[in-house]
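Chemist: My questions all concern the structure below.
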Amino acid sequence: PEMQFPLEAFDQLWSMAASLRVDIGLRLVDEFPPGQMHVVTHLALRCASVGEALESVVRYIRLTDADDRMMLARDGAEACLGYANAALDQGHRHNPWIVEHFYSMCCVFMAQAAGRQLPLRRVQFRAPPQAPLAAYRHRFGIDPEFSTARNALCFDQQALAWPLQTHDQYLRDILEQFASHRLPAAVESFGERVAEQLRLGWLGGRPLSLEQTARACEVSRDVLRSRLADAGLSFRQLKDDCRRDLARVHLAGRLSLGEIAYLLGFSEPAALQHAVKRWFGVSAGEFRRALTEQNASPSQRSATVPGTAHQPGRS
């Protein structure tokens, strides 16, 4: 039977499992009984090609967790599958194993369905390593990068055209209809839609201008401004709010202040320091220490952290 499972309890289960087996994120896929997979996985495996399969995962990932987001980007000869693990949960969420699990499933199931391994170029994790390096090398065939600005599984773009031996158009159409009807029906506001595009741009290393954001939202820049104004919002304020949220996420990691400042478009670390003080009321160092202590002790994650959550566009 299906049931809704609280996100915090879900993350705590992962933490407990990792305390017993540090490579759980990488190896859990090996424990799946044959054929017992989520509908999103079944749908992906019935697609015609690797590219179509990954696009379907991007479209329906919210069936596994309404807060998760995946992005498939193509850049020259490279394709990258990005994953945002509830990045906007105000920095309170600590589950570095779930992204390892998703990327492991991607590599295992696509290799089985295509009959050959994905030609990986890079694997990047926002979190530090959770298991010995040999476990990552065994799973991906290369050494990942850790404590980076994003989660990314990058491979030769030509692999997107590889046909899948598990393709079944009839089953695919049935599963697609089922998945589309079960997709979370929560209606996001236009402000949330704009904010998500801004966040995805920064997480992907491509900060969006007003013009680019409007294009991503499929409206003109004038319409974007007008619709935000109707909701009592402004593009400038939304951009600042998104910067604040992502600064909180990055400060919980191992990137230096200089790297975070660069990723968020600040001219220098001092400008980031000034913004952190304005957003959270404490210095960047103090805020980072508070987040580090919180993430190091999952049982105490309800403790107060500087910087109370804000709604998008509201300060």
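The values are calculated or read from the model by the stated rules, or taken from the named source; none is laboratory data. If you're wondering where the values come from, they're calculated on a predicted model, not measured in any experiment. Virtual Cβ from ideal backbone geometry, glycine too; neighbours counted across all protein chains shown.
Chemist: Quick test for you: out of GLY191, GLY201, GLY141, pick the one residue that is within 30 Å of ASP23 (Cα to Cα) and touching a helix residue (DSSP H, G or I) at 6+ places or on another chain (Cβ under 9 Å).
Modeler: Answer to the check: GLY141.
Chemist: Here is a follow-up. Do the conditions hold for ALA271, that is, is it of a type in the set (A, V, I, L, M, F, W, C), under 21 Å from the mean Cα position of the chain (by Cα) and either in a loop (DSSP other than H, G, I, E, B) or at pLDDT 90 or above (or both)?
Modeler: Here the answer is no, as ALA271 does not meet what is asked.
Chemist: Modelled with pLDDT of 90 or more and surrounded by fewer than 21 Cβ atoms within 10 Å (Cβ to Cβ): is that true of HIS101 in this structure?
Modeler: Yes: the conditions hold for HIS101.
Chemist: OK, next. Inspect the stretch 225-235 for any residue being assigned to a loop (DSSP other than H, G, I, E, B) and under 21 Å from ALA127 (Cβ atoms) and give the result as yes or no.
Modeler: Checking the stretch 225-235: not a single residue is assigned to a loop (DSSP other than H, G, I, E, B) and under 21 Å from ALA127 (Cβ atoms).
Chemist: Same structure, new question: Could you tell me whether any residue of the stretch 211-231 is surrounded by fewer than 13 Cβ atoms within 10 Å (Cβ to Cβ) and of a type in the set (A, V, I, L, M)?
Modeler: Yes: one or more hits.
Chemist: So, one more: The conditions are (1) more than 21 Å from LEU81 (Cβ to Cβ); (2) among the hydrophobic types (A, V, I, L, M, F, W, C); (3) in a loop (DSSP other than H, G, I, E, B), and ALA214 fails exactly one of them. Which is it?
Modeler: Among (1) more than 21 Å from LEU81 (Cβ to Cβ); (2) among the hydrophobic types (A, V, I, L, M, F, W, C); (3) in a loop (DSSP other than H, G, I, E, B), the lone unmet condition for ALA214 is (3).
Chemist: Considering the stretch 139-158 alone, what residues qualify as being within 25 Å of ASP68 (Cβ to Cβ) and either without any contact (Cβ under 8 Å) to a residue 12 or more places away in the chain or among the charged types (D, E, K, R) (or both)?
Modeler: The answer is ARG139, GLU145, ARG150.
Chemist: Looking at (1) in contact (Cβ under 8 Å) with a residue 24 or more places away in the chain; (2) touching a Gly at 6+ places or on another chain (Cβ under 6 Å); (3) surrounded by fewer than 20 Cβ atoms within 10 Å (Cβ to Cβ), which one does PRO269 not meet, given that it meets all the others?
Modeler: Here PRO269 meets the rest and fails (1).
Chemist: Does the stretch 11-36 hold any residues that are more than 14 Å from SER104 (Cα to Cα), in contact (Cβ under 8 Å) with a residue 60 or more places away in the chain and either in contact with an Asp or Glu (Cβ under 7 Å, 6 or more places away or on another chain) or not β-branched (Val, Ile, Thr) (or both), and which are they?
Modeler: Result: ASP11, GLN12, TRP14, SER15, ALA17, ALA18.
Chemist: Condition first: of a type in the set (A, V, I, L, M), over 25 Å from LEU257 (Cα atoms) and surrounded by 14 or more Cβ atoms within 10 Å (Cβ to Cβ). Now tell me which residues in the stretch 120-141 satisfy that.
Modeler: Within the stretch 120-141, LEU120, ALA131, ALA135 qualify.
Chemist: Still on this structure, please answer the following. Is it the case that the stretch 159-179 has a residue that's under 30 Å from SER15 (Cβ atoms) and touching a residue at least 24 places away in the same chain (Cβ under 8 Å)?
Modeler: Looking through the stretch 159-179, at least one residue is under 30 Å from SER15 (Cβ atoms) and touching a residue at least 24 places away in the same chain (Cβ under 8 Å).
Chemist: Pick out the one residue from ALA73, ALA17, ALA53 that is exposed (fewer than 15 other Cβ atoms within 10 Å of the Cβ) and either at pLDDT below 90 or not aromatic (Phe, Trp, Tyr) (or both).
Modeler: Going through ALA73, ALA17, ALA53 in turn, the sole match is ALA17.
Chemist: At positive phi, at pLDDT below 90 and of a type outside the set (A, V, I, L, M, F, W, C): does that describe GLN36?
Modeler: Against the criterion (at positive phi, at pLDDT below 90 and of a type outside the set (A, V, I, L, M, F, W, C)), GLN36 does not qualify.
Chemist: Continuing with this model, one more query. What number goes with the only condition from (1) surrounded by 19 or more Cβ atoms within 10 Å (Cβ to Cβ); (2) under 20 Å from the mean Cα position of the chain (by Cα); (3) at pLDDT below 90 that LYS239 does not pass?
Modeler: Checking LYS239 against (1) surrounded by 19 or more Cβ atoms within 10 Å (Cβ to Cβ); (2) under 20 Å from the mean Cα position of the chain (by Cα); (3) at pLDDT below 90, the one that fails is (3).
This table checks each residue for (1) surrounded by 18 or more Cβ atoms within 10 Å (Cβ to Cβ); (2) of a type outside the set (Phe, Trp, Tyr); (3) in a loop (DSSP other than H, G, I, E, B); (4) touching a Lys or Arg at 6+ places or on another chain (Cβ under 8 Å).
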{"position": "ASP143", "(1), (2), (3), (4)": "no, yes, yes, yes"}
{"position": "ARG150", "(1), (2), (3), (4)": "yes, yes, yes, yes"}
{"position": "CYS154", "(1), (2), (3), (4)": "yes, yes, no, yes"}
{"position": "GLN165", "(1), (2), (3), (4)": "no, yes, yes, no"}
{"position": "LEU175", "(1), (2), (3), (4)": "yes, yes, no, yes"}
